[in-house]
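Have a look at the structure below before the remarks.
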Amino acid sequence: MKASAPVQLLQDPLFATKGVQVYLKREDLLHPTIPGNKWRKLKYNLQAARESGKNTLLTFGGAYSNHIAAVAAAGREFNFRTIGYIRGEAHLTLNPTLTFATNCGMQLHYLDREAYRLKNTPFFLEKLRHEYPEAYLLPEGGTNLLALKGCAEIVPDITVAYDYLLCAAGTGGTLAGIIAGLAGEKQVIGFPALKGGAFLKEDIVHLVTHYTGQTYDNWELQTQYHFGGYAKIKPELVAFIQYFRQQHQVPIEPIYTGKMLYGLYDLIRNDYFKPNTAIVAIHTGGLQGLAGLEERLGVRLT
């Protein structure tokens with residue numbers, strides 16, 4: 001299960017004006033149906049599931065979840081049965097994400113928001129283990145210590161010299177893996193996709209410490225680029241995504257990578273980085289959700 005993703009130099013008038021080099025680590029190209037950080041997070045979890053004799057992957061996510069889609073695809077490719085607990089009510093017509101998941105063979109169950117909030121409680125998890133003894137449980141977003149192990153491998157896969165490594169953050173697992181992989185080297189900036197994303201700092205510190213036994217201070221969070229919260233977008237973000245696609249011929253989505261890159265452009269514009277700084281931004285994928293987002297929001301992103 002080896003995979004590698006290219007690093008692409010981005011040419012933009014803003015970068016030339018400010019004297020910085022920007023590269024995009026194309027994790028979106030890692031795998032055709034399990035791209036980006038989802039491949040990294042699942043890699044060692046799939047091995048662990050197989051080694052523990054489990055034949056089913058059981059996990060959680062929203063109706064447009066990249067993680068749900070990736071687990072469904074992984075189940076089809078590596079011959080696991082898959083079960084997804086979806087936040088919210090069932091709809092007769094499935095959106096593109098859930099259509100893809102069911103086409104991969106995933107069995108869907110729905111939890112109202114109140115019940116979904118209890119998904120990590122010992123009682124609920126024990127109930128699932130009793131009901132599905134053959135299942136390997138994956139947390140929402142796929143973040144656990146095995147996910148960090150996979151995401152840490154992003155670091156040695158970068159083939160250019162750089163000063164900063166940038167990444168979007170949902171649960172913080174990919175960012176924590178990168179911090180662990182760098183082991184105090186370089187500088188890392190995370191861009192939370194959620195409003196009030198400063199809370200992730202404690203979660204990331206816990207993950208990194210638990211995984212490495214170390215704490216590092218070479219990273220920070222830029223929390224002002226959430227555009228109102230998770231899955232919220234505004235016209236200026238849509239315009240930026242359309243500009244980026246036209247300028248670089250690279251598709252991006254507005255939940256994670258789009259917000260991170262918008263933030264990067266804004267920081268460069270405001271002289272956050274010194275001239276001659278080299279920056280690598282991680283494209284974490286998530287493109288499967290574009291069709292559903294366009295349908296739901298009534299905007300064109302591609």
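The values are calculated or read from the model by the stated rules, or taken from the named source; none is laboratory data. It should be emphasised that the depicted structure is a prediction, and the values quoted were computed from it without experimental measurement. When we count neighbours, we look across all protein chains shown, and the Cβ atoms used for this are built from the backbone with ideal geometry, even at glycine. The accessibility values were calculated without ligands, DNA or RNA, using every heavy atom of the protein model including side chains. Shrake-Rupley method; radii C 1.70, N 1.55, O 1.52, S 1.80 Å.
Under a 1.4 Å probe, what is the accessible area of the chain per residue, stated in Å²?
45 Å²
With the convex hull built on the Cα atoms of region 1-108, state its orientation-averaged projected area in nm².
For region 1-108, the mean projected area of the Cα convex hull comes to 8.9 nm².
Under 18 Å from the Cα of K18, which lysines turn up, not counting those fewer than eight places away in the same chain?
List returned: K274.
Accessible area of Y164, 1.4 Å probe, to the nearest 10 Å²?
Only protein atoms counted, so the area is about 50 Å².
Would you calculate the separation in nanometres between label points at H206 and T121, each defined as 7 Å from the Cα along the Cα-to-beta-carbon direction?
A separation of 1.8 nm, rounded to one decimal place.
Measure off, as a whole percent, the carbon and sulfur share of the 1.4 Å-probe accessible area of region 24-182, all protein chains present.
Details: 3460 of 6480 Å².
Here carbon and sulfur together make up 53 percent of the probe-accessible area.
Given 10 °C and 1.306 mPa s, how large is the Stokes-Einstein diffusion coefficient of region 160-216 in µm²/s, with Rh as the Kirkwood radius over Cα pairs?
The Stokes-Einstein estimate is 138 µm²/s.
Once you put a point 7 Å from the Cα of D157 and another 7 Å from the Cα of N218, both along the Cβ direction, what distance in nm separates them?
2.0 nm
What pairs from K38/K149; K38/K195; K195/K259; K119/K232 go past 20 Å between their alpha carbons?
K38/K195; K119/K232
Kirkwood hydrodynamic radius, the chain, all distinct C-alpha pairs: what's the number in Å?
With all distinct Cα pairs of the chain included, I get 19.7 Å.
Spin-label point model (7 Å from Cα, Cβ direction): what's the Q246 to H130 distance in nm?
5.9 nm
If you fit an axis through the alpha-carbon atoms of helix 66-78 and take the longest principal axis of the Cα set of the chain, what angle between them do you get, 0 to 90°, nearest 10?
60 degrees
Which of rounded, prolate or oblate describes region 110-248 when judged by the alpha-carbon gyration tensor and an a/c cut-off of 1.5?
Oblate.
Antiparallel as a % of all DSSP beta bridges within region 1-104, to the nearest 5?
Antiparallel bridges: around 40 percent, rounded to the nearest 5.
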